[in-house]
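These notes concern the structure reproduced below.
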């Protein structure tokens, strides 16, 4: 009789354990899914990791100039493609730092080649998170060379805890929001337009 009670108790215990394991696995899955779907607010809008670079950028009120420039350069299809891409995305305020009339001139059809060169200088093939960039800086003894889609190089380094990009002309731009994940890469918001 004792054997039957122990067997029944073991069966109940096994069932309870299996239910607890199933509950833990379900909780872990849901928790992981919530992290995977984490959004970042940029320009007053949520940036969804399930949307591509262009689908998210068009919703940021801080990136209307960039979006207009991407459209004028004919890069919408490229930046909507599978990628992955790392985009250093200048804000409207970054474009406002350029000399008066520069943006208006660049978006004219006759300047499409120059505009495309500038915009693709902000894009690196592959997905480089902030962690990846910091590792590259460390591995490079304080400086990482990032080859852009344009063919030029951006130098990434640290000033205190801030990542700074130095362009081909010696201009500096700081990353203000990192790791805005996209379905086809990642965006890092920057405060100054970098120039090839």
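We did not get these values from a lab; they are worked out from the coordinates using the rules stated. Being a predicted model, the structure only gives us computed values, none of them experimental. Reconstructed Cβ throughout: ideal geometry from the backbone, glycine too, with neighbour counts over all protein chains shown.
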Can you name the helices (runs of 4 or more DSSP H) wholly within segment 85-196 that have at least 1 residues being over 24 Å from residue 73 (Cα atoms) and in contact with a strand residue (DSSP E or B) (Cβ under 6 Å, 6 or more places away or on another chain)? 130-139
Kindly provide the set of residues from segment 42-74 that are in contact (Cβ under 8 Å) with a residue 40 or more places away in the chain and over 16 Å from the mean Cα position of the chain (by Cα), ordered by number. 69, 70, 72, 73, 74
